[in-house]
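One structure below.
The values are calculated or read from the model by the stated rules, or taken from the named source; none is laboratory data. As the structure is a prediction and not an experimental result, all values here were calculated from the model. Heads up, the Cβs are rebuilt from the backbone with ideal geometry, glycines too, and the neighbour counts pull from every protein chain shown.
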Amino acid sequence: MQALQAVNEFVIKFANVNGTGSASANNLFAKAVFRMGLPVCPKNIFPSNIQGLPTWYEVRVSERGYLGRRGGVDIMLSVNPQSMPQDIQELEPGGYFIYDNTKPLDLRLIRSDVNIMGIPLTRICNEQYQDPRQRQLFRNVIYVGALAALLDMDFAVLTGLVEDQFKGKDKLILPNIQALELGYQYATENFDCPIGIRLRKSDRVGDNILLDGNTALGLGAIYGGATVAAWYPITPSTSVVDAFEKYAKRLRIDPGTGRRNYAIVQAEDELAAIGMVVGASWNGARAFTATSGPGLSLMSEFLGLAYFAEIPTVLFDVQRAGPSTGMPTRTQQSDILSAAYASHGDTKQVLLFPATPKECFDFGALSFDLAERLQTPIILMTDLDLGMNDNMSPPLVWEDDRRYDRGKVLTAAQLDEMERFGRYLDVDGDAICYRTIPGTHPEKGAFFTRGTSRDEYAVYTEKGEEYEKNMHRLMAKWETIKQWVPAPIETPSDRETDTAILFFGTSEESAMEARDYLAEEGIPLAAMRVRAFPFNDEVEEFIARHERVFVIEQNRDAQLRTLLMAEFELGPDKLKSVLCFDGNPISARNIRKQILLQMPGYNVTPLRRERVVAGAEMNS
Amino acid sequence: MSYQLPKFRHPDLPVNTLGYTKADYEGAISTLCAGCGHDSISGAIVRACHELALEPHRIAKLSGIGCSSKAPTYFLGKSHGFNSVHGRMPSVVTGANMANRELLYLGVSGDGDTASIGMGQFTHAVRRNLNMVYIVMNNGCYGLTKGQDSATADEGSASKKGDPNPFSAIDLPGLALQLGATFVARSFSGDKGQLVPLIKAAIAHRGFALIDVVSPCVTFNNNAGSTKSYDFVREHSEATGTVDFVPMRDEITASYAAGHTQEVTLHDGSVLHLEKLAEDLDPFDRVSAMIALEQSRVAGQILTGLIYIDKDSRDLHDVLETSRRPLNSLTEEDLCPGNKVLVNINASLR
């Protein structure tokens, strides 16, 4: 049997039981790799459960800098008997199955093409510790210590991390280091260390940070000047408001009075949460809410009001697998259509698609400027994968001379100079009108905000031509918006090609990795990452320049492709779909395979979408 | 369409301390049915705001959807208004109030808007003790959709269509008391003498102030057999006592008869004088208020007047310890921590 050989390029997956403290030990491993100067991409694959069900933690290590899911597992560290049958099957041939052999492995599970290595984790813990909770917690730390020996890790990096992690709780440092040593010692005494896969110090991390997208969004809201947060708890968006609150408590307390320069209201439901945001924004504060698919559905009525009445509104949608409750702890990009056209009637909503924590921070702060400048809802579309996993990201930066763009808001002095204020009067020809904040002027500027039709002076009307004129202006505003939203990022091919890939958000890393694979196989691809809806003109030009464009996305119905077809009036032939919707982040191998299957000459029988989807499931 | 009132007024109309006449607090001409109770309530709001000399532009009037929610167009034309989504006015006010604590928030709703589609938001605004006046124009029916029974229609009450309502009624003051409301009153659109001082007291109260105003629907629910008709309410209303509101700057000049009277000083220094109080009601005691309300209901009466007030009310800003400066007035200097802080945060993430 061949054992996999690799230095600094592999996938390791940890199989644990939910609620046993494995997350912090696994995180310790990932962060240690990161501190060894290696790009790392950890992903939590967790159940909708607090305690007892299987949970996984997959870490991609790639000195070449590939940060998406590759597909396949090289090392499986399994301490959960519940999931062992599945875990061992997932291994690549020649991979390593490291498990707790306190109880012997079921003989039926044994695969002859993988390396099976047992460490009696439970027995070691039972011998070392009396307290049941300690036995459970240190079991995880012990296997990290063993990995240090097996993978030839820098042990000092691990001990340094433990010291950082328990700063202020110093008496926890030594027991954790001892647990690491126990594992290290067992591995060196019982195995030929290191194994075929190993880690070597590198310098490929630069000034990058490891951060989850939701924390970055919370920080973006702090820096963007949000003062009102209204929300209803829902996975996977809860940690956005948690992060906002954590940093607000540190950074938003008035030094003179000790009072808070922010208000967080936990609403009774998502309808109320978005209503509060609309009310606060109408009244001149920067406000936001964070939610996920089910919440977005509930919010759509208010999104229609905010679109029609032109009230700045910021909404962060951390997408998860739908429809309905779906798989609430698994990732998808499947709210695109329901967000883009949220609400009854003719509506179009502005969407932003960040791909990294840095973009979560940047777009998060930008959302407030755009909402006020454009006087419409801004829906930032992130997902569970980006939101809840640590992602390697460029550091966060804020230009200290940056001013908030409050858009077209009239002051009392400006109102004094006006003949007559018209809330929905297009004065500047860009279809964005001037607004007033309640309480500004004793005699001028007051108007009735409403979801019913009205004329340019905000007076109720049921005249069809007035209504139509206003709806046409909103379409003209849509054209203006294209100039304000983030432009797409194009990566041309270094060889001439008529084929391209187009994607958004968290599909980026895997898509770009698949592109490298395909280039090596003689299929060069141009690439574009879309960052906003409305689509900028560059997107239309890019599609027009290519014979066929693969639209890569993480949902069943090819929602971005549908949106592109609808907005550009494209026929169905030009855009091909590459899809993944099993709840796991899309992998590079999966993308490569789906593209190959659809390339002319690579496949004789025409493919129906069902076949492609089946391929996705096989290799996700 | 909204039609504006003609601008000319009698030259001797009385002005308040701001120099405004009552006309400065009026709105567009009502498009509600002639005789609608809601128009009387609008009139009471105009009078209360004029007499209190409130600056119209420092008032925000918000509503949901329905006949009641159209009403804000017909008063306070110089105030900002927001006719929002059906049943969702409380959340919009919550956000608005968080953004600017200095305005007066006047929410107007109906029985459908509050007790059915908006029940969730209403109850939670009460729980949070949001600083606002919440007026329910309660006619027991859905006017705009032609007279269906609403959730506040009494069991057995029949609207114009003639079928008695088979379901038990939701009593909003009773519900609000149970939820911890800090100001609960009920009145009748036909009794301005009672309604105007109650509105003034509700404005002065810091926290959530509910006034449930029975307001007959002349078109669909003013017939014999209805418990929300003018005649029925006049015959069956039973006042808790009379309420006299004395603003902070005025001296108390009225002489009050001896007997069961109470005086409350509100947080802004104004005084509420409660006279001829029912013997068995202590309006500062929640349990007493609940009992009085229930006894009156069982007796087939409609208890009106001030039912309960919490003198030590703490509103949502007190609970959240928000800045005394309105949040919407804070700037980059107050809100943005700057890049130096970010550099430290980055360092902690490596």
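Quick notes
- Residues being among the small types (Gly, Ala, Ser), at negative phi and either surrounded by fewer than 17 Cβ atoms within 10 Å (Cβ to Cβ) or facing chain B (nearest Cβ under 7 Å) (or both) - total across the range A:239-266: 2
- All positions within the range A:388-417 that are surrounded by 16 or more Cβ atoms within 10 Å (Cβ to Cβ), under 24 Å from B:Glu332 (Cβ atoms), out of contact with any Gly (no Cβ under 9 Å at 6 or more places or on another chain) and facing another protein chain (nearest Cβ under 10 Å): A:Pro395
- The residues in the range B:291-337 that are touching a helix residue (DSSP H, G or I) at 6+ places or on another chain (Cβ under 9 Å), within 7 Å of another protein chain (Cβ to nearest Cβ) and surrounded by 13 or more Cβ atoms within 10 Å (Cβ to Cβ) can be counted, and the count is 8.
- Residue match in the range A:305-324 (condition: surrounded by fewer than 19 Cβ atoms within 10 Å (Cβ to Cβ) and more than 23 Å from B:Ala60 (Cα to Cα)): yes
A quick yes/no check of all residues on (1) aliphatic (A, V, I, L, M); (2) buried (at least 24 other Cβ atoms within 10 Å of the Cβ); (3) touching a helix residue (DSSP H, G or I) at 6+ places or on another chain (Cβ under 7 Å); (4) modelled with pLDDT of 95 or more:
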{"residue": "B:Ala44", "(1), (2), (3), (4)": "yes, yes, yes, yes"}
{"residue": "B:Gly64", "(1), (2), (3), (4)": "no, yes, yes, yes"}
{"residue": "B:Ser79", "(1), (2), (3), (4)": "no, yes, yes, yes"}
{"residue": "B:Ser91", "(1), (2), (3), (4)": "no, yes, yes, yes"}
{"residue": "B:Arg101", "(1), (2), (3), (4)": "no, no, yes, yes"}
{"residue": "B:Ala115", "(1), (2), (3), (4)": "yes, yes, yes, yes"}
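- Verdict on A:Ser292 being closer than 15 Å to A:Thr436 by Cα, hydroxyl-bearing (Ser, Thr, Tyr) and at pLDDT 95 or above: no
- Of the residues screened, A:Gly322 is one that is at negative phi, away from chain B (no Cβ under 14 Å) and either in contact (Cβ under 8 Å) with a residue 12 or more places away in the chain or in contact with a helix residue (DSSP H, G or I) (Cβ under 7 Å, 6 or more places away or on another chain) (or both).
- Sole exception among (1) surrounded by fewer than 21 Cβ atoms within 10 Å (Cβ to Cβ); (2) within 8 Å of another protein chain (Cβ to nearest Cβ) for A:Ser338, by number: (2)
- For the range B:41-61, the condition of being under 30 Å from B:Gly140 (Cα atoms), among the acidic types (Asp, Glu) and not in a loop (DSSP other than H, G, I, E, B) holds for none of the residues.
- Qualifying residue in the range A:432-439 (condition: at pLDDT 95 or above, within 39 Å of the chain's Cα centre (by Cα) and within 30 Å of A:Lys358 (Cβ to Cβ)): yes
- Among the criteria (1) modelled with pLDDT of 95 or more; (2) under 22 Å from B:Ala71 (Cβ atoms), the one B:Leu144 does not fulfil is (1).
- Listed by position, the strands (runs of 3 or more DSSP E) contained in the range A:56-156 that have at least 2 residues being touching a residue at least 60 places away in the same chain (Cβ under 8 Å) and touching an Asp or Glu at 6+ places or on another chain (Cβ under 8 Å) are A:73-78, A:91-100.
- The range A:361-371, residues that are surrounded by fewer than 24 Cβ atoms within 10 Å (Cβ to Cβ) and over 22 Å from A:Asn208 (Cβ atoms): A:Asp369
- Scanning the range A:221-234 finds no residues that are of a type in the set (S, T, N, Q) and either surrounded by fewer than 24 Cβ atoms within 10 Å (Cβ to Cβ) or more than 7 Å from every other protein chain (Cβ to nearest Cβ) (or both).
- Any hit, the range A:501-514, residues being out of contact with any helix residue (DSSP H, G or I) (no Cβ under 6 Å at 6 or more places or on another chain) and free of Cβ contacts under 8 Å to residues at least 24 places away in the same chain: no
- For the range A:61-94, the set of residues classified as crowded, with 22+ Cβ neighbours inside 10 Å, basic (Lys, Arg) and farther than 24 Å from A:Pro328 by Cβ consists of A:Arg70 only.
- Filtering the range A:160-184 to residues that are within 18 Å of A:Arg35 (Cα to Cα) and either loosely packed, with under 13 Cβ neighbours inside 10 Å or without any contact (Cβ under 8 Å) to a residue 40 or more places away in the chain (or both) leaves A:Glu163, A:Asp164, A:Phe166, A:Lys167, A:Ile177, A:Leu180.
- Taken over the range A:20-54, residues that are assigned to a strand (DSSP E or B) and either free of Cβ contacts under 8 Å to residues at least 24 places away in the same chain or within 14 Å of another protein chain (Cβ to nearest Cβ) (or both) amount to 2.
To keep it simple, each residue is scored yes or no on (1) crowded, with 22+ Cβ neighbours inside 10 Å; (2) among the aliphatic types (A, V, I, L, M); (3) not assigned by TED's automatic domain parsing to the domain that holds A:Val350.
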{"residue": "A:Ser493", "(1), (2), (3)": "no, no, yes"}
{"residue": "A:Asp498", "(1), (2), (3)": "no, no, yes"}
{"residue": "A:Phe503", "(1), (2), (3)": "yes, no, yes"}
{"residue": "A:Ser507", "(1), (2), (3)": "yes, no, yes"}
{"residue": "A:Ala514", "(1), (2), (3)": "yes, yes, yes"}
{"residue": "A:Tyr517", "(1), (2), (3)": "no, no, yes"}
{"residue": "A:Leu525", "(1), (2), (3)": "yes, yes, yes"}
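- Considering only residues in the range A:267-277 that are facing another protein chain (nearest Cβ under 7 Å) and more than 22 Å from B:Asp318 (Cα to Cα), the one that is surrounded by the fewest Cβ atoms within 10 Å (Cβ to Cβ) turns out to be A:Asp269.
- Test: residue in the range A:449-463 that is crowded, with 19+ Cβ neighbours inside 10 Å, part of a strand (DSSP E or B) and either more than 11 Å from every other protein chain (Cβ to nearest Cβ) or in contact with a Gly (Cβ under 9 Å, 6 or more places away or on another chain) (or both): yes
- Subset of the range B:311-333 (residues that are touching a strand residue (DSSP E or B) at 6+ places or on another chain (Cβ under 7 Å) and either touching a residue at least 60 places away in the same chain (Cβ under 8 Å) or not in a loop (DSSP other than H, G, I, E, B) (or both)): B:Leu320, B:Thr322, B:Leu327
- Test result for A:Thr480, surrounded by fewer than 17 Cβ atoms within 10 Å (Cβ to Cβ), away from every other protein chain (no Cβ under 14 Å) and closer than 26 Å to A:Phe302 by Cα: yes
- Residue in the range B:117-133 that is farthest from the other protein chains (Cβ to nearest Cβ), counting only those that are under 16 Å from B:Pro173 (Cβ atoms) and surrounded by fewer than 23 Cβ atoms within 10 Å (Cβ to Cβ): B:Met119
- Sole residue being in a loop (DSSP other than H, G, I, E, B) and closer than 22 Å to A:Leu370 by Cα, chosen from A:Thr289, A:Thr329, A:Thr347: A:Thr347
- Here A:Pro438 clears all of (1) away from chain B (no Cβ under 11 Å); (2) in contact with a Leu (Cβ under 7 Å, 6 or more places away or on another chain) except the condition numbered (1).
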